[in-house]
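J.: Starting off with a structure, shown below.
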Amino acid sequence: MNFPVPVVQLDQQTHILELFHGPTLAFKDVGARFMARVMAWLNRNENEKLTILVATSGDTGSAVANGFYNVPGIEVIILYPSGKVSKLQEKQLTTLGGNITALEIEGTFDDCQRLVKSAFLDAQLSEKYRLSSANSINIARLIPQSFYYIDAWKQMQAIEKGPVVFSVPSGNFGNLTAGLLAKGMGLPVERFIAANNKNNSVQDYLQTGVYRPKSTIATISNAMDVGDPSNFARMIDIYDNDVENMRRDISAYSYSDEQTKEAMLDVYQKAGYVIDPHGAVAYLGFKSWQKETGSNSRGIVLGTAHPAKFKDVVEETLKIDVELPKQLLEIAHKTKKSTILNSDFSIFHQYLMQRS
Ligand SMILES: *Cc1c(COP(=O)(O)O)cnc(C)c1O
């Protein structure tokens, strides 16, 4: 890994693990960079180029594109929904150039995903391209994420020995599943906290023992707006489909946008620390767990995004100006380069067939 992941203290018991110092300022860089390099290595003896198709609603596409940027023998085609990603996210997707191509689809994220899936099934396209995917259920993205749990635990023991709880702001539950893998490898984690916004299907499962996927609710911690998390299948497999087993390791809590903003303000006023909405949900999760159990164990809140990535809500909530870190300053003045396509598969097909 070529960026730091420091543990920063917020109060006596609470620490935050800053996972957002990578090129796209979100923790997804960790998994995406590792996966990109593993795929490049596996591809090293191939003569034919490998083409990765990725549909994205924002963050995943830029982490994947950055991971593969300038990797020899591999090109990436990103499909994103026109007008439905933030200005900065769009810059992150469209200004790399080189082996990265951005397609702006006139439709929704689901349209982008449908186009990618249809392309994989198309005989003519498979003839012309060696196609691959890089989506978030790829295990090569989870494995490297388990290492920062181990590193964070070590950082905590160096400060003071003792049990550690991890609070994970969760959407598709890849991050939390990576923690379970670390525990499976022997890391003595006292407890995992699944911190959610109002998209709380997993919390319901832990309460009732019945899993019911829900439709997605839009929130200010939007990278966690997932009603049917794709890694839930892995979690129930790890616990042999037994909710009692899962309850022994995982506690879940869910919060409103109002509560999230209050937590952002609370952290800022008490610790002088600017936390993004996703981290704030995880902070709340740890506080709820402390209250519920009366435990003195220290908690690590996973900081998944740099506050500048959610500049608008952070500035409005804390009444401060958030400075852009150098990763965003560098791209802010670059020119967007994308190709606009209709969401019809025949158009996408034609585009790919005509491309050299
Ligand atoms: C993707 C993302 C999450 C959710 O992570 P999962 O592994 O899908 O649970 C949380 N916070 C941020 C900032 C993200 O980008």
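J.: Quick check on my link table: of 91/309; 28/319; 28/309; 91/311; 198/261; 154/287, which ones sit more than 18 Å apart, alpha carbon to alpha carbon? Mind dumping the intermediate values first?
T.: On the way: 91/309 12 Å; 28/319 28 Å; 28/309 13 Å; 91/311 15 Å; 198/261 14 Å; 154/287 22 Å.
In this structure, 28/319; 154/287 exceed 18 Å between Cα atoms.
J.: Between residue 128 and residue 47, what is 0.36 nm times their sequence separation minus the Cα-Cα distance? Round to one decimal in nm.
T.: 27.8 nm
J.: As a test of the formula, what do you get for the chain when each DSSP H run with n ≥ 4 contributes -39,500 (n - 2.57) and the sum is divided by the residue count, at 222 nm and rounded to the nearest 500 deg cm²/dmol? Could the numbers behind the result be given before it?
T.: Details: 15 runs with 163 residues, N = 356.
Calculated mean residue ellipticity at 222 nm is -14000 deg cm²/dmol.
J.: Ordering 355, 212 from largest to smallest accessible area (1.4 angstrom probe), what's the sequence?
T.: In descending accessible area the options line up as 212, 355.
J.: In what sequence, largest accessible area first, do 349, 278 appear using a 1.4 Å probe?
T.: Output order, biggest surface exposure first: 349, 278.
J.: Show me, for region 3-17, the HN-Hα J-couplings you get by feeding each phi into the Karplus relation (A = 6.51, B = -1.76, C = 1.60, θ = phi - 60°), rounded to Hz, glycine and proline as x.
T.: The phi angles translate into 9, x, 10, x, 8, 10, 7, 9, 8, 3, 9, 10, 10, 10, 9 Hz.
J.: Full-extension gain between residue 106 and residue 120, please, as 0.36 nm times their residue separation minus the C-alpha to C-alpha distance.
T.: Extra length available between residue 106 and residue 120 comes to 3.0 nm.
J.: Projecting each Cα onto the charge dipole of region 28-181 (Lys/Arg +1, Asp/Glu -1 at the beta carbon, about the Cα centre), which of 65, 102, 32 comes out farthest on the positive side?
T.: Comparing the listed Cα positions along the dipole, 32 ranks first.
J.: Suppose every Lys and Arg Cβ carries +1 and every Asp and Glu Cβ carries -1, with no other charges. What dipole size does region 1-154 come out with about its Cα centre, to the nearest 20 debye? Numbers along the way, then the final one.
T.: Numbers: 14 positive and 15 negative charges, 55 e Å.
Approximately 260 debye in magnitude.
J.: Something else now. Skip the ligands, DNA and RNA, and give the accessible area per residue of region 23-62 with a 1.4 Å probe, whole Å². Intermediate values should be presented prior to the final figure.
T.: Numbers: 1620 Å² over 40 residues.
Ligands and nucleic acids excluded, the figure is 41 Å² per residue.
J.: Okay, next question. At 1.4 Å probe size, with every protein chain present, just tell me what the per residue accessible area of region 87-228 comes to in Å².
T.: Averaged over the residues of region 87-228, the accessible area is 42 Å².
J.: About its Cα centre, what dipole magnitude does region 99-231 give when the only charges are +1 on Lys and Arg Cβ and -1 on Asp and Glu Cβ, stated in debye to the nearest 20?
T.: 420 debye
J.: Let's see if you can work this out: charge +1 on each Lys and Arg Cβ, -1 on each Asp and Glu Cβ, no other charges. What is the dipole magnitude of the chain about its Cα centre, in debye to the nearest 20?
T.: Values: 36 positive and 38 negative charges, 127 e Å.
Using Cβ point charges on Lys, Arg, Asp and Glu, the chain gives about 620 debye.
J.: Given a 1.4 angstrom probe, I'd like the percentage of the accessible area of region 169-285 that is carbon and sulfur, rounded to a whole number.
T.: Working: 2220 of 4680 Å².
With neighbouring chains kept in place, the figure for region 169-285 is 47 percent.
J.: What figure, in Å² to the nearest 10, do you get for the accessible area of residue 7 with a 1.4 Å probe and non-protein molecules left out?
T.: 30 Å²
J.: Further, regarding this structure: Please name which of 145, 156, 236 has its Cα lying farthest along the dipole of region 97-254 towards the positive end, using unit charges on Cβ (Lys, Arg +1; Asp, Glu -1) and the Cα centre as origin.
T.: 156
J.: Please give every one of the aspartates and glutamates within straight-line cross-link reach of residue 161, meaning a C-alpha to C-alpha distance under 18 Å, and leave out same-chain neighbours fewer than 8 residues apart.
T.: Qualifying aspartates and glutamates at Cα under 18 Å: 11, 151, 190.
J.: Could you look at region 1-97 and say what percent of its accessible area is carbon and sulfur, using a 1.4 Å probe and all protein chains? All intermediate terms of the calculation are to be shown ahead of the outcome.
T.: Working: 1900 of 3740 Å².
Carbon with sulfur: 51 percent of the solvent-accessible area.
The values are calculated or read from the model by the stated rules, or taken from the named source; none is laboratory data. As the structure is a computational prediction, the values presented were derived from the model and not from experiment. With ideal geometry, Cβ positions are generated from the backbone for all residues, glycine too; neighbour counts draw on all protein chains shown. These accessible areas exclude ligands, DNA and RNA; they are computed on the full protein's heavy atoms, side chains included. Shrake-Rupley method; radii C 1.70, N 1.55, O 1.52, S 1.80 Å.
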